[in-house]
Amino acid sequence: MDLVIRGATVYDGSGGPARVCDVGVSAQRIAAVGDLVGERAALSVDAAGLALAPGFIDVHSHDDFAVFLTPEMDFKVGQGVTTDVVGNCGLGAAPFGSARAYLAFFGADRREESLPVWDDYVGYLDAVDADPPSLNVAVLVGHGTSRLDAMGNDRRGPTDGELARMADTLATGLDAGCVGFSTGLIYEPGRYANTEELIALARVMAGTGGLYATHMRDEGIGLLDAVAEAISIGEQGGVPVQISHHKASSRAAWGLVGESLALIEAARARGTDVTADQYPYTAGSTSLFAVVQNAEEGTSGVGDTDWNAIVIASAPGHPEWEGHSIADLAARLERTPQDAARMVVDVEGYGAVVIIHSMDEADVRTVMAHPTTMIGSDGIPTLAGKPHPRLYGTFAKVLGYYTRDEHVLSLDQAVHRMTGMPAAKFGLADRGIIKEGAWADLVLFDPTAIDDIATYESPRRHPSGIRRVWVNGTAVMHEGHHTGERPGRALRRRVG
Ligand code: ZN
Ligand code: CU
C-alpha cells in the first residue's frame, strides 16, 4: 500500500454512523477499509482521535478561471474540498469568447495572459487535465454564457436559430462530460430568458442524467414563484433540479424558506428529484452591477435594496472603498446611495463585488437542517479585495460551528451533505464515499478543533482543525501547509 491511515473515526459519506478503522490507499484509490494491522505501507498515519471523511465536494463554485490562475486552490483544499463544481449561476467557461466577459467579476481581467485558451467545453475539460489544479473539477454548462454567444445581451427571447445554437453548446458540453446546466436569472443575459426557453434547453438534457442548477429569478419576496418555476422546468424538461444557494433574502422575505422547503418536499413526493445547496452565512455576495440593475429596474431578485447592508468587497481600481458600505460611501461623496452605487459600477464595471447582509439566522438553520440541503460555498475567487469569508470557511463553519457547537446537524449527516449526497446528485462516480475501489479523495480533521476563522474583515484565513487532505491519493494539505502537489483532474460524467 502507498498509505495507511490508522485508527481514524471514519465517516464514509453515506450518512450512516461512523466507525473506528483503518483505510489503505494504493494507486490513487482506496484499496482497503477495515483492520489493516500488519499491512505494510510506504506511509503510515496515526489518526487516532481524528475524523476521516471523503474529500468535500463544493457543488457551488465559481472557480472556472481560478483553477488556472491559482492552481493550488489553497482556499478550497485548505477547507478539505477535493472537488469543485464550476459553472454555476449561468456563468460558464465556454464558449471562451463569451466566458471572458466574466473575468473582471473574478478580478482576473488583468491576468488573462496566464489562462490557457479553449473553445468549447471539450477544450475546457482538456485544459484542466493538461495543467491540473490541486483539486478535481466537474463542470456545469452556463446558460448565460451560451446565450451571450448565441444572441448577445438582447432583451428578448431567442429566435429558433439562436435557441438551436444554445442547445448545441449544451449538447456539446454534455457529450464532453459536463454534469448539467446552470442558470443565473437575476443576471444579464439570463434574466431575459423566459420559462419556455429554459424548458426547451432542459429537454436537451433529458435522459442524460444532467441536472438543472439554478440561481433563481427571485430570492426575495418572489421566492416561492421562483422555486415553482425551477421545479416546473425540471418537471417539464424531465431533469433533476438543484436550487442554488437556497435562502430568503431581505427582511420582507424572511421566513419564506419554510414554504419553499414545503414546495421542494411536494415536488419530491411527486417523484421529481429536487435538492438545494447552501452557504452557511447570513450575508450573500455578488456583483454590484446586478444589485444596481435590480434597484434601477425595480425587480426584487436580490431582495429589497438596503444600501447600509451592502458592503464593497472588491473594487480593484479603488481599494480604499473596500470594506465600506454603499451608504457610507454615498455620505462621503455627498450623493444618494443609488447614485454612489451606479458611480462605482461605472468606474469598476464587473470588478465591483459586494457583500450583502440580507438573511435571517433562523432561516439559515432551517434550510441547513433540511435533508434536501447540500453545502456549496458560492465563493467568488477575486484576486483583489476582501472576498466573502465563505470562500475560505464554508465547510469548516458547517462542521465546527453549526454541527459541533450548535447541533444543527449530526456529524455523519454534515459529512454526507458534503460528500455522498452531492456525488450521487452530480453523477461523480466513485467519489464522495470511503469504500474499497473509490478514488482516494480524503480529508482528515479534528472534529473538536475544526473552525472557520475567516471573517468579513479578515477573510483570507484557512480554517483550523484540517489536518491532512488527499486528492486522488496524493497529499495536497499537510498540517496547515499546501504541499504544492496538483493531482486534480477533470471529472467527466458518463452519459446514461
Ligand atoms: Zn448565484
Ligand atoms: Cu453562484
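Laboratory data are not the source of any read-out in this text; all were calculated from the coordinates shown. A quick note: this is a predicted structure, and the numbers were derived from the prediction, not measured. Using ideal geometry, Cβ is built from the backbone for each residue, glycine included, and neighbour counts are taken over all protein chains shown.
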Exercise for the section: Quick one: Debye curve from the alpha-carbon atoms of region 251-404 only, equal weights, vacuum; give me log10 I(q)/I(0) at q = 0.20 Å⁻¹ to two decimals. Expected result: -1.23
Problem - Calculated FRET efficiency for the pair Arg332/Asp35, C-beta based, R₀ 60 Å, to 0.05 - result: 0.35
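If R₀ is 30 angstrom, what is the calculated FRET efficiency for the pair Asp126 and Asp273, using the beta carbon separation as r and rounding to 0.05?
Details: r = 30 Å, r/R0 = 1.00.
Given R0 = 30 Å and the Cβ-Cβ separation, E is 0.50.
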Handout entry: Dipole magnitude of the chain, debye to nearest 20 (Cβ charges: Lys/Arg +1, Asp/Glu -1, about Cα centre)
Key = 780 debye
Completion exercise
With the convex hull built on the alpha-carbon atoms of region 283-358, volume per residue in Å³ sits at 72 Å³
Problem - Farthest toward positive dipole pole in the chain [+1 Lys/Arg, -1 Asp/Glu at C-beta], among Ile233, Ala167, Thr275 - result: Thr275
Completion exercise
Once the in-chain neighbours fewer than 8 apart are removed, the lysines whose Cα is under 19 Å from Lys247 read Lys397
Completion exercise
For region 283-358, averaging the sequence separation of alpha carbon pairs under 8 Å that lie six or more residues apart and dividing by its residue count, the contact order in percent is 47 percent
Handout entry: Cβ-based charge dipole, the chain, positive-most Cα from Gly55, Ser464, Met359
Key = Gly55
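What FRET efficiency, computed as 1/(1 + (r/R0)^6) with R0 = 35 Å and r the Cβ-Cβ distance, is obtained for Leu115 and Arg155, rounded to the nearest 0.05? Can you show the working numbers first?
Numbers: r = 30 Å, r/R0 = 0.85.
The formula returns an efficiency of 0.70 here.
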Exercise for the section: Compute the separation of the alpha-carbon centres of region 11-38 and region 313-346 and state it in Å as a whole number. Expected result: 52 Å
Completion exercise
Scaled by the rule-of-thumb 2.2 N^0.38 Å, the alpha carbon Rg for region 442-496 gives a ratio of 1.43
Exercise for the section: Using Cα pairs closer than 8 Å and at least 6 residues apart in sequence, work out the relative contact order for region 133-235, in percent. Expected result: 29 percent
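Only Lys, Arg, Asp and Glu count, each charged at its Cβ (+1, +1, -1, -1), so figure out the dipole size of region 283-358 about its Cα centre, rounded to 20 debye. Spell out each step's value before the answer.
On the way: 3 positive and 11 negative charges, 14 e Å.
Here region 283-358 has a charge dipole of around 60 debye.
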Exercise for the section: Kindly point out which whole DSSP H helices in the chain project their C-alpha atoms 20 angstrom or further along the helix axis while averaging a Kyte-Doolittle hydropathy of -0.5 or above. Expected result: 160-176, 223-237
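For the chain, go through all pairs of different Cα atoms, get the mean of 1/r, take its inverse, and jot down that Kirkwood value in Å. Spell out each step's value before the answer.
Numbers: mean 1/r = 0.0445 Å⁻¹.
Computed over Cα pairs of the chain, the Kirkwood hydrodynamic radius comes out at 22.5 Å.
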Handout entry: For the chain, share of DSSP beta bridges that run antiparallel, in % to the nearest 5
Key = 55 percent
Fill in the blank from the handout: Expressed as a whole-number percentage, the relative contact order of the chain with C-alpha contacts under 8 angstrom and at least six residues apart is 21 percent
